[in-house]
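The values are calculated or read from the model by the stated rules, or taken from the named source; none is laboratory data. All values reported here derive from a predicted model rather than from experimental measurement. In this analysis, Cβ positions are derived from the backbone assuming ideal geometry, glycine residues included, and neighbour counts consider all displayed protein chains. Heavy atoms of the whole protein, side chains included, go into the accessibility calculation; ligands, DNA and RNA do not. Shrake-Rupley method; radii C 1.70, N 1.55, O 1.52, S 1.80 Å.
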Amino acid sequence: MLAAGVCHSDLHLSDGYFDLGGGKRLSIVDRGMKLPVTLGHENVGEVAAIGPDARGVKIGDRRLVDPWMGCGKCGVCRRGDEQLCLKPGSIGVFRNGGYSDFLMVPHPRYLFDIGDMPPERAAPLACSGVTTYGALKKVGPTLTTEPVVIIGAGGLGLMCIALHKAMGGHCAIVVDIDPKKREAAKTAGAHTVIDGGAADAVAQIIAATKGGAWAVIDLVGSSATARLGIDSLIKGGKLIIVGLYGGDITMSLPPFPMRAITVQGSYVGSLTETAELIELVRRTGLPPVPVATRPLTDVNAVLDDLRAGKVIGRVVLTPN
Ligand SMILES: [Zn+2]
Ligand SMILES: [Zn+2]
């Protein structure tokens, strides 16, 4: 292991549950996790050993690990969506992850050549990179012609701004309640930043998008942000929920057909999307997301900092 990014979802996994709203919780054990599990799903390592049937890699190769693996055999996996397999086997979630000296990867198809990219800069591509790339792809053709509203300017948000630009996105309007994160979003290239806690946040988004958002990517996924996203859509617009903060919303049904809106979930990305993302980064350069490195032994302190909202960009552990 050379680099292991610390992701916000590790907080939920270490808490042991996801907040479903209304006092309900989804326990990670009910979701299929067998404890104990070593966390860490944004991994880059150097191949130290290979099994007799593993093809296409050799000892000493530096590879990014796509952690979103399924059974590889079912219809969902065969259509190319291993990340949506009903028997998920994701690294750092359902099997041991990269907060460790060594990591076992069950098949070389999950390994991606990163060329001469620094491991700590490449590691976040495995989760924050492919997650935002997968969400941006769901925006569709209006990505290059209309503004996209991005809610949340943490590590995921800054990655999303950078990839949106790399994909030829029209412009990014970024919403966050934290002035420091809005500042970071501005530096990262956001066209407009909006305080999501402002009483007139919806009106501000509608003004900034000249009539309502064609697409909102909610990287927070709380009751408040989902509501803000839906209320800011233009007719025919789409809310893409990515964040797992938790909560619930109540929606009247007639506005779905009358406003022809879409609410779509987006969970990480497929192996094909990881391959496309690495190709995009090769062409356009690594996303300029601030990355700080810390030794593996600091993992709990890093998780505490993340929980306290003190992290701008990404912290990556460097086990070796
Ligand atoms: Zn993650
Ligand atoms: Zn499967």
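Residue count for the range 166-191 satisfying the condition of being touching a residue at least 40 places away in the same chain (Cβ under 8 Å) and over 21 Å from Cys7 (Cα atoms): 5. Would you please name the residue that is farthest from ligand 1 (Cβ to nearest atom), looking only at residues in the range 22-45 that are among the polar types (S, T, N, Q) and open to solvent by 20 Å² or more (accessible area, probe 1.4 Å)? Across the range 22-45, the extreme among qualifying residues is Ser27. Annotation: of all residues in the range 266-289 being β-branched (Val, Ile, Thr) and assigned to a loop (DSSP other than H, G, I, E, B), the one that is surrounded by the most Cβ atoms within 10 Å (Cβ to Cβ) is Val268.
Is one or more of the residues making up the range 100-109 outside any loop (DSSP other than H, G, I, E, B), away from ligand 2 (no atom under 16 Å from the Cβ), touching a residue at least 24 places away in the same chain (Cβ under 8 Å) and over 21 Å from Pro36 (Cβ atoms)? Give the steps one after another, and end with the answer.
Step one: list which residues in the range 100-109 are outside any loop (DSSP other than H, G, I, E, B), which gives 108-109.
Now drop any that are not away from ligand 2 (no atom under 16 Å from the Cβ), which leaves 108.
Narrowing the set further to residues that are touching a residue at least 24 places away in the same chain (Cβ under 8 Å) leaves 108.
Applying the additional criterion that residues be over 21 Å from Pro36 (Cβ atoms) yields 108.
Yes, because at least one residue in the range 100-109 is outside any loop (DSSP other than H, G, I, E, B), away from ligand 2 (no atom under 16 Å from the Cβ), touching a residue at least 24 places away in the same chain (Cβ under 8 Å) and over 21 Å from Pro36 (Cβ atoms).
For the range 87-99, state whether one or more residues are more than 26 Å from Thr297 (Cα to Cα) and open to solvent by 70 Å² or more (accessible area, probe 1.4 Å). Yes, because at least one residue in the range 87-99 is more than 26 Å from Thr297 (Cα to Cα) and open to solvent by 70 Å² or more (accessible area, probe 1.4 Å).
Yes or no: the range 13-21 includes at least one residue that is closer than 20 Å to His107 by Cβ, within 16 Å of ligand 1 (Cβ to nearest atom) and crowded, with 17+ Cβ neighbours inside 10 Å. Steps first, answer last, please.
First pass over the range 13-21, keeping only residues closer than 20 Å to His107 by Cβ: none.
No, the range 13-21 contains no residue that is closer than 20 Å to His107 by Cβ, within 16 Å of ligand 1 (Cβ to nearest atom) and crowded, with 17+ Cβ neighbours inside 10 Å.
Just one of the numbered conditions (1) touching a helix residue (DSSP H, G or I) at 6+ places or on another chain (Cβ under 7 Å); (2) under 29 Å from Leu280 (Cα atoms); (3) open to solvent by less than 30 Å² (accessible area, probe 1.4 Å); (4) not hydrophobic (A, V, I, L, M, F, W, C) is not true of His8: (3).
Here Val263 fits the description: part of a strand (DSSP E or B) and in contact with a Leu (Cβ under 6 Å, 6 or more places away or on another chain).
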